[in-house]
Every structure is written in C-alpha cells, then in structure tokens.
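One structure is given below, encoded as structure tokens.
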Amino acid sequence: MKEESIVDKLLKDLQKEKIEKDYSILRLKFNPFPFAGLPRFILPPLDPEILRKIGHFISSTWKKEEYSGLTIVGDYGMGKTHLMKYIQAIINELTLKAREHKIDFSAVTCFIDRPENTPQRVIHKIIEDIELDNIRKYIWKIVIDNIMAKKDRFHDQYKSKQSLLLQPKEKWGELFEEPIKSNYLEFLERFRKKGGDIKKLQEDVRNIIKKEIVSDSALADRYLNLILFTEEKEADISWDILAGYVTKRDVQNKEIIFLNSIVKILRSVGFKHLYVFVDEFEDIGKLSAAKKTNYLLTLTTLINREARWSVVISLPRSVLEEEIKKEPPLYDRLTSTKISLRPLDEKKGKELLIKYLNLAREKENESVNPFAEDCIKEMIKTSEGNYRSFLLLAYNSIEVAFEEHKSKIDTEIIEKARELRGI
Ligand SMILES: Nc1ncnc2c1ncn2[C@@H]1O[C@H](COP(=O)(O)OP(=O)(O)OP(=O)(O)O)[C@@H](O)[C@H]1O
Ligand SMILES: [Mg+2]
C-alpha cells in the first residue's frame, strides 16, 4: 500500500480539528491554555501586589486629576501585553459601571501596539481608536450645545437675506429636535433647505470651536472642515485634514496643541481622563538619534503640560534602564508607578494552571488535575518560569495526553510536549 503523504495526513488532521474535540477523558470541556497570543479571557495578575498597584494608579490619576505614568517592565513573554490589556479592560468596565451607578468616573482608553515613529502617528492611532466619526460627533455636540443656548434668536440670526427658499420661523424649530439636533449632517442639510445662512453659521461655529476646543486658528479651521465640509468622505482623507496641521515647522508645539485639543474634546463630552497604552515601547530604540530625541522631548512636554491623560508603557528592563533613564524628567514621570513582572515560581505556576483549568471545568476546584503534582516543578524548570513557555508547554501537554488517550498528565507527557516544541 502506498504510504500516506504529508499533505494527506495534514488534510485528515485538519478535518479532525473541525469536529469539536472531546477532552472529557481529561475532564475538561476544551484545552484552556493559550496556544499563541492572548487568550479570549484575560485573567487577572497572580500577584496581589500588582493588583494593589493598578488600583492605586487608577484612583490616583482620577482623584488627583494629574498626570501619572505606569511602566510595566518584564522580559519577553512575561505577560506585559496581557497585563496592559487587563488594565485597559478594568478601566473600560469601571467607566461602564460608574455610569450605571451614577458615579463620577469616565475615561477613554487607547491601545497602541508599538510607539510608532513619531508622536503624530501616536495621535493618529489615538484618533483611530476613538474613531474619527466619534470625534466629529463630539465636536458637533459641543457646537450644538452652544447654539442651543441661544436658540430663541437662531432664526433671526441665521435667516439668509437673499434666499427665495426661506422657510417661515415655525418650521425652524425641528432643527433643535431629536434626531436632527444630534446628527450634524442632517442638521446642516435641513438648515440649508430652510434657507439658513451657511456662511454665518460657519463663522460662528468656528468661533465656538476656538473658544471651547482650541484657540489656534489653523487647527480650529481643520476641525471645522471635519464637520462642515466632509460629508461622507473616507476616514483617511479626514485624517489628512487634521494631520496637515502638523507641518515641518514647529512640529513639536503643534503636536502638543493637537493632542491637548483631543483631550479637551473628550472632556467636554464627559470623558474626564485619557489613558494611552503603548506596548513594546522598546521600539523607540530603533529610531534614529534625531527622531528619538524629538520623540522623547515631545512626550516629556506633553506629559508636563497635560494633566488629564496618563500613559501606560511596557518594555524590557534593559531598555528602561539604558535608554529612558538618560532622560531623567521623562523617566521620573513615566515611572511614577512601576510594575516588574517576575518569572513564575512553583507556587505561582500552580496557581496559573488551576486558573486556566477552571475555565474549562464543569465545576471549579483547586486541584491541578489532570496534571500530576510533580509536573509543575518540571514545567517551571523547562520554561524557566517564562509565562509564554510555561503556558505553551501546558497546552501541548493537554494535546499529547488527548492524542494518547491518557486521562492523567505525568512528567513523561510533559517531556513529550517539550520535545514537540524542540526545547
Ligand atoms: N496573569 C496572567 N494570567 C494568565 N495568563 C497570562 C498572565 N500573564 C501572561 N499570561 C499569558 O502569557 C503569555 C505571554 O504573555 P504576553 O504576551 O503578555 O507577554 P509579553 O511580555 O507581552 O511578551 P513579548 O515581550 O513577547 O511581547 C500570553 O499567552 C498571556 O496571555
Ligand atoms: Mg507583548
């Protein structure tokens, strides 16, 4: 008989994967360990001290309304991204729950995978995360609230002098009713149809933006363009409208004005704090010396001027100590809270196993079943306490046991799982 080719074998295997695997022999509903990347369910940190620091960081940035930086240091695979996502989820949940309970906490979070090569790119990412369309809505909210305050005089002020199409005053009332009021496209269209003076409106909106958002005329104009003239334009074209503001001259100052105005927009619609997460901050080491200096300087200035945003960064200890420490003001600000992620020891490794296993159990319990107790020591040794290696080993062990129809995972299976990865 002809031997099965590797493609045939893989095909069979892929077909098998499609059918939901039944891990009941291991008393699990599924293999709970992350194979690559982050798991769907972000578990909390194992160390209570870390939880305490996170709590302190969030409440101090909030209560004191002042800038605070949190730096997460840890080597490759030690859980930096995981912890950042966890903190982000906490802040988002807090915002939701506080709203339900009418407690004064409302923050926006942005997650940036790497620092990008200029602060302007960082701003772009922030806007992308908040979504440009939301920014437009927020600007409109500020504008319409201002207009509403003087709505009795609205018709007299804005009725066009020449328009033959001018509608009578009674018909203008609908502009201030929902859903028209909150939808700037709809509002503007109807305003035009009623014979409103668009030039005058534009002028006044510009003044409102200058008063409420940013006094810099050039940037105010760009925000104005964003709501008044870009009907259904592509998001990136709109970004170009904003980005054009930051030109080569005076880059740093403009970036700062820009970000401050974003924070102001968020604040005026009720979000009081902006938390920006920058993962893999070590990448700034790849920038040219001039770019890096500009980057770090801009960041320092931003941090010094804008109290209503906080930065959470993650990087390996060596970069923090060798690169960032050379900029003492920035170093101090970024590390107002510092969390160091340490390798797993046997106790923590056991805790981590139990937490993941419980995700896949009918009923939670405190045992490491189907792992035998003496596996943990072996797994810590093999992985050197590195979260990613440890969890991958756990994942593979479950798979090996499953393939071999074993109901218990012993050190022999761990050994096979290790070989699977070639470590
Ligand atoms: N507290 C935790 N609870 C459960 N799983 C965790 C925890 N911390 C980290 N992990 C898991 O460990 C693995 C590695 O973590 P992560 O990717 O966050 O590391 P990292 O430090 O960002 O690595 P890199 O330097 O390569 O970016 C991920 O699968 C993550 O979900
Ligand atoms: Mg990471």
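Touching a helix residue (DSSP H, G or I) at 6+ places or on another chain (Cβ under 7 Å), at pLDDT 85 or above and within 29 Å of Leu392 (Cα to Cα): is that true of Leu83 in this structure?
Considered against the rule, which asks whether it is touching a helix residue (DSSP H, G or I) at 6+ places or on another chain (Cβ under 7 Å), at pLDDT 85 or above and within 29 Å of Leu392 (Cα to Cα), Leu83 comes out as no.
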Please determine, by comparing only the residues of the stretch 283-294 that are surrounded by fewer than 20 Cβ atoms within 10 Å (Cβ to Cβ) and under 24 Å from Tyr76 (Cα atoms), which one is farthest from ligand 1 (Cβ to nearest atom).
-> Ser288
Within the stretch 25-37, how many residues turn out to be exposed (fewer than 14 other Cβ atoms within 10 Å of the Cβ) and within 15 Å of ligand 1 (Cβ to nearest atom)?
-> 3
Evaluate the stretch 331-352: report whether one residue or more is closer than 30 Å to Asn117 by Cα and in contact with a Leu (Cβ under 6 Å, 6 or more places away or on another chain).
-> yes
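Given the criterion touching a strand residue (DSSP E or B) at 6+ places or on another chain (Cβ under 9 Å) and within 26 Å of Arg317 (Cα to Cα), identify the matching residue among Ser340, Ser383, Ser397.
Values: Ser383 fails: touching a strand residue (DSSP E or B) at 6+ places or on another chain (Cβ under 9 Å); Ser397 fails: within 26 Å of Arg317 (Cα to Cα).
That would be Ser340, the only listed residue that is touching a strand residue (DSSP E or B) at 6+ places or on another chain (Cβ under 9 Å) and within 26 Å of Arg317 (Cα to Cα).
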Looking only at the stretch 380-403, and only at residues there that are in contact with a Ser or Thr (Cβ under 9 Å, 6 or more places away or on another chain) and over 17 Å from Glu351 (Cα atoms), the one that is nearest to ligand 2 (Cβ to nearest atom) | Thr382
Residues located in the stretch 75-102, provided they are within 12 Å of ligand 1 (Cβ to nearest atom) and hydroxyl-bearing (Ser, Thr, Tyr) = Tyr76, Thr81, Tyr86
In the stretch 47-74, residues that are in contact (Cβ under 8 Å) with a residue 12 or more places away in the chain, surrounded by fewer than 17 Cβ atoms within 10 Å (Cβ to Cβ) and within 12 Å of ligand 1 (Cβ to nearest atom) total 1
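The values are calculated or read from the model by the stated rules, or taken from the named source; none is laboratory data. Bear in mind that the values here come from a model prediction, so they are computed numbers and not experimental data. Because the Cβ atoms are built from the backbone with ideal geometry, glycine has one as well, and the counts that use them run over all protein chains shown.
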